[in-house]
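Worksheet for the structure shown next.
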Amino acid sequence: MTQATDALNLSILITGLGGGLALFLYGMRKMSDALKAAAGDGMKNLLANLTRNRFTAALAGTIITGVIQSSSVTTVLVVGFISAGLLNLSQSIGVIIGANIGTTITAQIIAFKVYKYGLLMIAAGFFIEVLAKRERLKKWGVALMGLGLIFFGMELMSNATGPLRSWQPFIDTLQGLSSPLAGIAIGMLFTAVVQSSSATTGIVIVLASQGLIGLEAGIALLFGANVGTCITASISAIGRPREAVQAAWVHVIFNVGGVLLWVLFIPQFAELIATLSPSSNSLTNTEQLAADTPRQIANAHTIFNIANALIFIGFTTTMAKIVERLVPKAPTPEKTKALYLDKIYLEEPSLALDQVRRELVRMAQMTKGTLSRAFHVATEGKKSQIQQLSTEDSGLDELHGEIVRYLGKLSQQDLVDEQHRMLSNYMAIANDLESFGDVIQDNILHCAEKRLRLHINISPITIHTLQPVYKKVYESYSNMLKALERKEIAAAEKAVNNKAALAKLAEEAANHLTKRLVASEPNRVAAFKIESDLIEHFLRLNTISRKIARRLIEQ
């Protein structure tokens, strides 16, 4: 009978602990996803404004991770900013160091034992999500519901672990944690399995709240969690951009190095934490341990990371040099391959959209290169020049395909209304740029090939007359590109407002061609057709440029 009861209790324990952990992890994911969707642009702007030096960078990392409770999202932002040239590696190390401090906020909240508010938060968050009309407010509701799930999961785990106080096999196991290395190993392995140092910290605090582990054992488990989270970061960096691999190495150096600095001083560190933390002197033995240890562990987690940040912040340049030697530069990819569209950025939609914009700028710059030679090739170019320009357009098609596929994947992410609009806008711009290249490929180069086939020589005076039309189109495209690259609305407006001036130049050129119809030249009519078609094709290119510029103004 006793064995059956023990088995039943063990079954209840596993169910409660497993279910509570699942709710905790799911709540963390929902809260993080909702917060990064609701505050993604704000976090990105904060990071951009607070990375002038290593100290403000650390502050930015602390704030961002403290708000969204996901150091991985902070790392994604860092990777994107490095690849964009907005951060150097040394500055990014400051952000990653600060992110470790930000992750301790979860432990501090949990240590206040606010489990009883979990269901209230779930209910409040649910009704906000259902009743709110604005998408961003809905996300805040989901974030609140996620926080409630974290608290409710903690309550389930706390209730499930209560009977462990009197279960001898577990008590015997805990005695093995008197060795710091055993505690570190357990914390490391558990964190590597659940892929969340916050979950490990939460369970440590739950066990401490039942009086099952002391402060020294809790500190050892936290140290293990710090090492274990490096395993997750390292695995996730496999096959990712160089910047992501570098960020993973920064995590390893900082977290493992920090643990090695303190591992021999766990008893002394525990004494310091006990001195700095409040004490329930009115309680005794297990009751006092259960009352005081959760807060002490949370404080140890925070102080450990702050102390390491203060130690390592002075060596960011040295760490950057080490990481750059560990992760050398990769060969430059082909020009027509996407440089910035890695799936890692899909975790942060606002950053992914920035990366798409950068790729659109590359595509537009490549198109500008073909446009810069299109007039000469059309009017005077040889067969080899025509073939070269045609090959470049094929490369543009490849890049367009990569951008469209990436935007398709991004559309499946959790986006707010503004991000949906921007995604649609970027998809349209990518298609417009492809159409621009197609006009050069299918129409202008076709005119060039026809000119060669019919042995037509366009006269210098006609070239001189057509050139202002081309130059005006080129000017409009350049202004559109400037608006796309630098977000300059004034440049986009210049591109949009050139229609009347271009129409006048096109009319003057057309009149010139009409007058030359009577010229005594061979194939005059065929030449007239090619020259007139060129005017129409350049006008069409200008229409596409103006369309893109209008999209940039309206975005």
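The values are calculated or read from the model by the stated rules, or taken from the named source; none is laboratory data. Fair warning: this is a prediction, and the values are worked out from it, not measured in the lab. Every residue, glycine as well, gets a Cβ built from its backbone with ideal geometry; the counts of neighbours run over all protein chains shown. These accessible areas exclude ligands, DNA and RNA; they are computed on the full protein's heavy atoms, side chains included. Shrake-Rupley method; radii C 1.70, N 1.55, O 1.52, S 1.80 Å.
Before moving on, here are some points about what is shown:
- Looking at the chain, the accessible area is 46 square angstrom per residue; that uses a 1.4 Å probe and ignores ligands, DNA and RNA.
- Working from Cα pairs under 8 Å separated by at least six residues, relative contact order for the chain is 13 percent.
- Estimated purely from DSSP H runs of n ≥ 4, each contributing -39500 (n - 2.57), the mean residue ellipticity at 222 nm for the chain is -27500 deg cm²/dmol once divided by its residues.
- The stretch 401-550, relative contact order in percent, only Cα pairs under 8 angstrom and at least six apart counted: 33
- By a 1.4 Å probe calculation restricted to protein chains, T56 has an accessible surface near 30 Å², given to the nearest 10.
- Take the Cβ atoms of Q385 and R421, set R0 to 45 Å, and the FRET efficiency comes out at 0.65.
- The peptide list 473-479, 263-269, put in order of mean Cβ contacts within 10 Å with the highest first, becomes 473-479, 263-269.
- Nearby lysines by direct alpha-carbon distance to K499 (threshold 21 angstrom, same-chain neighbours under 8 apart not counted): K368, K471, K472, K482, K547
- Summing +1 for each Lys or Arg and -1 for each Asp or Glu among the other residues whose beta-carbon sits under 13 angstrom from that of I303 gives 0.
- Ordering L452, L221 by accessible surface, largest first, gives L452, L221; the 1.4 Å probe counts only protein heavy atoms, with every chain in place.
- Accessible surface of the chain [probe 1.4 Å, protein heavy atoms]: carbon and sulfur percent: 59
- Measure of compaction for the stretch 450-526 (Cα Rg per 2.2 N^0.38 Å): 1.45
- When L410, L310 are compared by accessible area at a 1.4 angstrom probe, the order from most to least is L310, L410.
- Solvent accessible area, Å² - I535, 1.4 Å probe, full protein context: 10
- Per-residue HN-Hα couplings for the stretch 307-322 [Karplus 6.51, -1.76, 1.60; θ = phi - 60°; Hz; x = Gly/Pro]: 4, 5, 4, 5, 6, 7, 5, x, 10, 5, 5, 5, 4, 4, 5, 5
- Cα convex hull of the chain - mean projected area over all directions, nm²: 31.6
- Candidate residues I101, I219: accessible-area rank, largest first, probe 1.4 Å: I101, I219
- Net +/- balance of residues flanking W249 in space, Cβ distance below 13 Å, scoring K and R +1, D and E -1: +2
- Value of Rg/Rh across the stretch 176-317 [Cα atoms, Kirkwood radius]: 1.02
- Restraint check, K138/K337; K138/K343; K44/K138, Cα-Cα greater than 32 Å: K138/K337
- Measuring nothing but how far apart in sequence close Cα pairs (under 8 Å, 6+ apart) lie, relative to its length, the stretch 101-146 scores a relative contact order of 34 percent.
- With all protein chains modelled, accessible area of D397 [1.4 Å, Å²]: 60
- Pairwise Cα separations in the stretch 418-555 fall into 10 Å bins from 0 onward with the following percentages, short to long: 12, 37, 29, 16, 6, 1, 0.
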